[in-house]
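**Q** One structure follows; several queries about it will come next.
FYI, it's all coordinate maths here, none of it is from the lab. Just so it is clear, the structure is predicted and the values come from calculations on it, not from any experiment. Every residue, glycine among them, receives a Cβ derived from its backbone with ideal geometry; neighbour counts consider all protein chains shown.
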Ligand code: PXP
């Protein structure tokens with residue numbers, strides 16, 4: 001998403017609205033609308049909207065992208081697989097940034113970072129086509145030195161460090177080692193001239209150490225925020241329904 005510099009030192013929050021669409025799609029209707037969720041995020045102080053158009057369209061769909069572009073002023077970060085079909089959709093959508101992620105049809109969520117080292121040939125032309133149109137290019141990678149070097153060599157503007165393993169590991173040595181790997185990778189992005197983002201699996205209880213890494217300028221957070229929104233908003237929705245039912249009976 002997308003500013004090229006860390007203007008104010010304030011860590012940017014990109015809100016991933018995919019799972020609003022997951023709930024909508026469960027009924028095949030229009031509620032809840034991810035575009036309205038993006039507007040709520042904008043109102044609540046988010047710095048950007050992130051949406052992942054998956055090959056199977058299990059959550060966000062093309063009309064959502066067009067509506068977000070039309071109605072939301074925040075920058076759009078489009079997560080996408082490195083395919084020609086997605087490249088063409090990104091070129092038509094003109095997001096502020098495209099974040100290339102690995103995609104496996106059977107996965108529940110994005111598992112692991114992109115193998116930039118192994119996929120240079122596939123990535124290079126897709127990245128070039130997007131960059132030519134002024135779309136900032138982000139690669140979602142593990143906190144791994146070789147992957148970061150390859151991302152810089154390929155001309156990525158941004159790397160998003162995968163925090164999934166850090167979030168999943170229970171407290172202990174492995175968890176701490178993963179955090180230190182992320183901290184070291186973030187430092188390396190500075191030397192490589194890459195803008196550093198991070199995300200995946202972040203929650204209230206684990207965001208602190210990642211948010212404290214000075215080189216990280218943006219976090220992208222989705223599933224937890226949408227789940228938490230259900231928990232904090234459910235009582236309100238029930239009370240409104242209760243009132244409407246009671247009013248209907250008393251009139
Ligand atoms: N960043 C990337 C590249 C992702 O693929 C995802 C998941 O779509 C996220 C961030 C957000 O992860 P979560 O939904 O676990 O917060």
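**Q** Average projected area of the Cα convex hull of the chain, in nm²?
**A** Working: hull surface 60.2 nm².
The directionally averaged projection comes out at 15.0 nm².
**Q** Here is a further query. Work out the FRET efficiency for residue 25 and residue 84 from their Cβ-Cβ distance, taking R0 = 25 Å, and round it to the nearest 0.05.
**A** The value I calculate is 0.50.
**Q** Can you compute log10 of I(q)/I(0) for region 50-198 with the Debye formula, treating each Cα as one identical point scatterer, at q = 0.12, 0.17, 0.18 Å⁻¹?
**A** Calculated log10 I(q)/I(0) at the listed q: -0.50, -0.97, -1.06.
**Q** When a/c reaches 1.5 or more, the comparison of a/b and b/c decides; with that in mind, is region 162-221 rounded, prolate or oblate per its Cα gyration tensor? Provide the component values of the computation, followed by the final result.
**A** Numbers: a/c = 2.25, a/b = 1.45, b/c = 1.55.
Oblate shape, in that a/c is at least 1.5 and b/c is the bigger or equal ratio.
**Q** Rounded to the nearest 10 degrees, what's the angle between the helix 62-71 long axis and the longest principal axis of the chain, both from Cα atoms, 0 to 90?
**A** Rounded to the nearest ten degrees, it is 80.
**Q** Moving on to the next point. What number, in percent, do you get for the relative contact order of the chain if the mean sequence gap of Cα pairs under 8 Å and at least 6 apart is divided by its residue count? Mind dumping the intermediate values first?
**A** Values: 422 pairs, mean separation 43.9, N = 251.
The value is 17 percent.
**Q** For residue 111 and residue 10 in the same chain, what is the full-extension length gain: residue separation times 0.36 nm, less their Cα-Cα distance, in nm?
**A** Details: separation 101, 0.36 × 101 = 36.36 nm, distance 2.86 nm.
Working it through step by step, the gained length comes to 33.5 nm.
**Q** Here's another thing I want to ask about it. Remind me, relative contact order of region 131-251 in percent, using alpha carbon pairs under 8 angstrom and six or more residues apart? Mind dumping the intermediate values first?
**A** Details: 143 pairs, mean separation 25.9, N = 121.
Relative contact order of region 131-251: 21 percent.
**Q** Then there's this: Taking the simple approach of a point 7 Å from Cα along Cα-to-Cβ for both residue 230 and residue 251, what is their distance in nm?
**A** The answer from the label model is 3.1 nm.
**Q** Here's a follow-up. When only C-alpha pairs under 8 Å and at least 6 residues apart count, what is the relative contact order of region 29-162, in percent?
**A** Details: 205 pairs, mean separation 24.9, N = 134.
With pairs under 8 Å counted, the relative contact order is 19 percent.
**Q** Follow-up question, since we're still on this one. Using only the alpha-carbon atoms, how far is helix 120-132 inclined from the longest principal axis of the chain? Give it as 0 to 90 degrees, nearest 10.
**A** Between helix and principal axis, roughly 70 degrees.
**Q** Here is a further query. Hey, how many Å between the Cα centroid of region 219-251 and the Cα centroid of region 85-159?
**A** Taking the Cα centre of region 85-159 as reference, the centre of region 219-251 is 37 Å away.
**Q** Moving to a separate point now. Tilt of helix 84-93 relative to the longest C-alpha principal axis of the chain, in degrees (0 to 90, nearest 10)?
**A** For 84-93 against the chain, the angle is about 60 degrees.
**Q** Could you identify which residue out of 104, 36, 220 has the top mean-square fluctuation in a GNM of the chain using Cα springs shorter than 10 Å?
**A** The residue that fluctuates most here is 104.
**Q** At a Förster radius of 30 Å, what calculated FRET efficiency corresponds to the Cβ-Cβ distance of residue 36 and residue 128, to the nearest 0.05? Provide the component values of the computation, followed by the final result.
**A** Values: r = 35 Å, r/R0 = 1.18.
Plugging the Cβ-Cβ distance into 1/(1 + (r/R0)^6) gives 0.25.
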